[in-house]
Each structure stands twice: as C-alpha cells, then as structure tokens.
1. Determine whether D58 is at pLDDT 95 or above, of a type outside the set (S, T, N, Q), over 28 Å from A310 (Cα atoms) and assigned to a loop (DSSP other than H, G, I, E, B).
2. What's the total number of residues in the range 261-274 that are in a helix (DSSP H, G or I), loosely packed, with under 15 Cβ neighbours inside 10 Å and without any contact (Cβ under 8 Å) to a residue 60 or more places away in the chain?
3. Suppose we filter the range 303-334 for residues that are modelled with pLDDT under 95 and under 26 Å from A41 (Cβ atoms); how many remain?
4. Please verify whether the range 75-83 includes one or more residues that are assigned to a strand (DSSP E or B), surrounded by fewer than 21 Cβ atoms within 10 Å (Cβ to Cβ) and among the small types (G, A, S).
5. Exactly one of (1) closer than 30 Å to V11 by Cα; (2) at pLDDT below 95; (3) in contact with a helix residue (DSSP H, G or I) (Cβ under 8 Å, 6 or more places away or on another chain); (4) among the hydrophobic types (A, V, I, L, M, F, W, C) is unmet by V280. Its number?
6. Which ones in the range 207-255 are in a helix (DSSP H, G or I) and either of a type in the set (D, E) or without any contact (Cβ under 8 Å) to a residue 24 or more places away in the chain (or both)?
7. Which count do you get for residues in the range 164-185 that are in contact (Cβ under 8 Å) with a residue 40 or more places away in the chain and of a type in the set (D, E)?
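The values are calculated or read from the model by the stated rules, or taken from the named source; none is laboratory data. The structure displayed is predicted, hence computed values, not measured ones. Cβ sites come from the backbone with ideal geometry, for glycine too, and all protein chains shown count toward neighbours.
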Amino acid sequence: MRTREFAGTQVGAVGLGCMGMSWAYTASERDDEASVALIRAALDLGVTFLDTAQPYGDGHNESLVGRALKGRRDEAVLATKTGLVVGDKTSWNLVRNGTPEHVKASAEDSLRRLGTDVIDLYYLHRVDPDVPLADSWGAMAELVAAGKVRRLGLSEVSVAQAAEAHAIHPVAAIQSELSLWTRDAMGAPGGVAGMAPGHTAGEGPGDVVAWCAANGAAFVPYSPLGRGFLTGAVTSADFEDTDFRGGNPRFQEDALKANLRIVDVVKAVAERHGATPAQVAIAWTLAQGEHVIPIPGTKKQRYLHDNADAADLDLTEGDLAELDDVPAAVGGRY
C-alpha cells in the first residue's frame with residue numbers, strides 16, 4: 001500500500017476506523033474474534049493508522065483494539081479520544097466533558113484498556129462548550145509532557161478553534177467527517193444541513209482541510225463512505241433497531257432515495273476504472289491532499305481489502321470534476 005506521513009512517521013494511506021466493531025452499526029454482525037483477526041489482517045496489509053475511542057461501546061472498542069495489538073503494538077499508529085462520555089447506551093446519547101480532570105483520568109483508562117504505555121494520537125473528541133478549549137487542550141499537553149501521549153488532535157472543530165489550540169500546543173491531526181456527501185470541513189457553502197452538533201445554523205467550520213495543510217497537520221476523514229451509503233449497498237431505510245442510521249435524517253426513505261443520485265455518479269466512475277464504488281469514494285478523499293488519511297470502518301475482511309486497495313486508485317481530473325459536481329445530500333448528517 002502507498003503510505004502517507006503522519007508526524008514524521010509513514011503510515012498506510014488508508015487507515016481503519018474501529019468504531020463499528022463495537023457500536024452504532026448492525027449489532028447482529030458484531031463478532032469480537034473476527035474483529036481481532038481483521039485488525040491483525042489490516043496490519044499485514046499496511047493499514048497501520050488505527051482509530052478508536054472510549055465511547056465506542058463504552059470502552060469495549062478500546063479493549064478490543066488492545067487485544068488485537070497484543071504483541072504487535074509497534075506496528076500501529078494508535079489513536080483514541082477524550083471529551084465524550086456515554087450517557088445512554090441505547091440511544092447513542094453522548095455527553096461532552098472537557099474538564100482537565102476528565103481528560104487526564106480518561107487517558108489513564110484508555111491506556112489500561114489498550115494495554116499500552118503511550119497513546120500515539122490523543123484527540124479531543126468534541127470541544128466542551130462549558131470548558132474553555134485552552135483548559136482541555138492544556139491538560140492534554142500535560143499528558144504529552146508526562147510521556148503518556150505522543151501527539152494531540154482535535155475532532156469536529158472550526159478553523160478558529162484549531163488555531164486557538166495550535167497556539168498552545170501543536171495540533172498534529174484534525175478528524176472530521178468528510179466524504180462526497182459531507183464537505184463541511186472543506187468550507188463548502190450551504191453546509192447547514194450537514195453541520196456538526198455544536199455549530200449553529202449559518203455557521204460552518206471553515207476550510208479545515210486547507211488549515212491542516214498549511215499548519216503541518218494531518219486531516220483524518222471519518223465516514224469517508226458516507227456511513228456505508230456511498231458503497232451502493234444501502235438502498236432502503238430498513239435498519240436494525242440498534243443501528244444509528246435508522247434515526248439519521250439522510251437515511252430516511254425519501255432522503256435516501258434522493259441521495260441515490262450521488263451513488264449513481266460514484267458507480268459510473270467506478271465502472272470506468274474497474275473499481276468498486278467504495279474505492280472511488282475513498283480515493284476522492286485521498287485526492288484532497290497528501291496530508292489526508294481517511295479511516296473507513298468495516299467488520300468484514302473482504303471490505304478491508306477493498307478499502308485498502310483504494311490507496312492505489314488514481315482518479316483523473318475528469319473523474320474528480322465529475323465527483324465534485326454530485327448533488328448536495330438531502331438531509332442533515334445528525
């Protein structure tokens with residue numbers, strides 16, 4: 001697999017988001033042993049940029065990743081997060097907590113669950129509106145000074161918030177949703193329908209992708225496959241009760257049918273290349289800059305290989321222009 005640079009280290013150009021192995025999607029397909037095997041297979045493929053967080057299964061996902069990395073920890077660049085706490089396991093309700101006390105305590109919990117003595121990349125999962133960003137970020141910087149964390153990142157922030165944090169301690173990465181149907185982090189106009197919780201109507205994050213490029217930070221797109229929609233596999237709004245997408249505005253029947261126009265374009269480009277729609281969707285994110293490292297998630301080996309192969313798909317200028325012009329998504333992303 002082609003590689004990209006993160007903080008002076010070469011990582012696979014396509015990473016792995018591990019959330020779905022424990023939380024939010026299709027509970028009936030979860031299998032811890034299969035997930036452990038998948039993470040190890042990912043390392044074998046060169047997929048070395050791994051992403052987890054404490055809320056994903058209320059600690060379950062971190063423990064799962066820790067099991068998978070036993071004996072292979074040095075092969076991975078391991079990211080986890082602080083600042084969100086599970087409020088209700090059945091409704092995906094998450095509570096923000098950016099207090100310095102929580103930041104430090106949750107790091108100790110993550111280190112224990114992951115079975116490691118250092119976290120490679122520690123994100124502030126969401127900025128807590130009740131705690132100054134400088135306080136949360138300052139506590140995270142103290143973890144770096146203590147040798148418990150190597151690099152710091154932010155998730156779903158604005159350019160202004162990124163700059164504020166960067167002035168205190170270097171921002172190594174920003175993780176936000178980015179895909180063919182979610183472009184808020186690129187400063188896309190009309191992003192109100194897709195705005196992240198915490199942003200108000202008429203307010204967007206600005207061009208965070210460009211800010212990262214200008215400031216030596218990686219930009220890490222999560223959900224580059226549009227929560228599975230851009231693969232073309234989701235054609236109806238029939239989800240399990242435990243699947244987050246069942247209550248998601250973009251996956252309601254009318255919105256979903258309208259959004260299939262986006263998938264039609266992705267499929268057309270894929271057919272020209274002899275590729276899959278998933279590979280095209282991931283390759284589009286990779287084309288947004290050499291500092292971009294997408295982290296598609298999967299629980300299945302065949303999709304892992306499919307996603308990894310996207311790193312070797314070169315889209316033409318014509319392909320990119322066609323994909324850039326796909327219709328805006330119908331429905332908010334939350």
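1. Spelling it out, it is not the case that D58 is at pLDDT 95 or above, of a type outside the set (S, T, N, Q), over 28 Å from A310 (Cα atoms) and assigned to a loop (DSSP other than H, G, I, E, B).
2. Qualifying residue count for the region: 4.
3. 0
4. Taking every residue of the range 75-83 in turn, none turns out to be assigned to a strand (DSSP E or B), surrounded by fewer than 21 Cβ atoms within 10 Å (Cβ to Cβ) and among the small types (G, A, S).
5. Among (1) closer than 30 Å to V11 by Cα; (2) at pLDDT below 95; (3) in contact with a helix residue (DSSP H, G or I) (Cβ under 8 Å, 6 or more places away or on another chain); (4) among the hydrophobic types (A, V, I, L, M, F, W, C), V280 violates only (2).
6. Hits for the range 207-255 are A214, G246, G247, E253, D254.
7. Adding up the residues that qualify gives 1.
Condition check ((1) closer than 26 Å to V131 by Cβ; (2) of a type in the set (A, V, I, L, M, F, W, C); (3) in contact with a His (Cβ under 7 Å, 6 or more places away or on another chain); (4) in contact (Cβ under 8 Å) with a residue 12 or more places away in the chain) across all residues:
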| residue | (1), (2), (3), (4) |
| --- | --- |
| G12 | no, no, no, yes |
| A24 | yes, yes, no, yes |
| V36 | no, yes, no, yes |
| R40 | no, no, no, yes |
| E62 | yes, no, no, yes |
| L69 | no, yes, no, yes |
| T80 | yes, no, no, yes |
